[in-house]
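The values are calculated or read from the model by the stated rules, or taken from the named source; none is laboratory data. No experiment lies behind these values; they were computed from the predicted model shown. FYI the Cβ positions are ideal-geometry reconstructions off the backbone, even for glycines, and counts take in every protein chain you see.
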Amino acid sequence: MAVSALPADAIVQAETYYLPPPPRRGQPAQDWSQVPGAELVYRWAEYRLSRRVSVPTASVPDHPGLYARIDDGRWLAECDACRAAWIVSVLDPRFGCVECKRDWVPLIVPTDIPAAEAEALAQGLSRFWWHPDDPRNPYAPEPPIEPEPPVEPDPEVPQP
Ligand SMILES: [Zn+2]
């Protein structure tokens, strides 16, 4: 896959961030076009972080999933085991962590990805978007506070 010129206003994700190393002189360039989006970070970590981590073959049982969010123009998710954050693929919604080397966890992505990206891009230079159900969303609307009914004096109790 030729790396197509991205529009300057695109949200970065795994497929556009974890790119193969530049080819060494006299050697063919690596082709990562067949690597699934969620697995790109494992290739990237090997040459950028000198960290060889096997791609998980299993999933964490019963994990409810981690929310993807847009942080400063990049799709990312934060590992709930070690707190490392990684740029993720919203097209291949699996989260693996090359820091703590855990198994796959489901990645929760918005049903309307272009709408979320448009919302973040509309913010201009700082581009953030949170899933409305993400418990860590700092912009989630507060639940409405029910007004307390005024306390009536209890007629049975003698008032001072
Ligand atoms: Zn981790």
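So the values come out like this:
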| item | result |
| --- | --- |
| Number of the exception - Arg83 against (1) in contact with a strand residue (DSSP E or B) (Cβ under 6 Å, 6 or more places away or on another chain); (2) within 16 Å of Arg136 (Cα to Cα); (3) among the basic types (Lys, Arg) | (1) |
| Criterion violated by Gly37 - all others in (1) of a type in the set (Gly, Ala, Ser); (2) within 16 Å of the ligand (Cβ to nearest atom); (3) touching a strand residue (DSSP E or B) at 6+ places or on another chain (Cβ under 9 Å) satisfied | (2) |
| Selection within region 107-142 - within 16 Å of the ligand (Cβ to nearest atom) and touching a Phe, Trp or Tyr at 6+ places or on another chain (Cβ under 7 Å) | Leu107 |
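To keep it simple, each residue is scored yes or no on (1) acidic (Asp, Glu); (2) modelled with pLDDT of 75 or more; (3) in a loop (DSSP other than H, G, I, E, B).
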| site | (1), (2), (3) |
| --- | --- |
| Glu119 | yes, yes, no |
| Pro132 | no, yes, yes |
| Pro141 | no, no, yes |
| Pro144 | no, no, yes |
| Glu152 | yes, no, yes |
| Pro160 | no, no, yes |
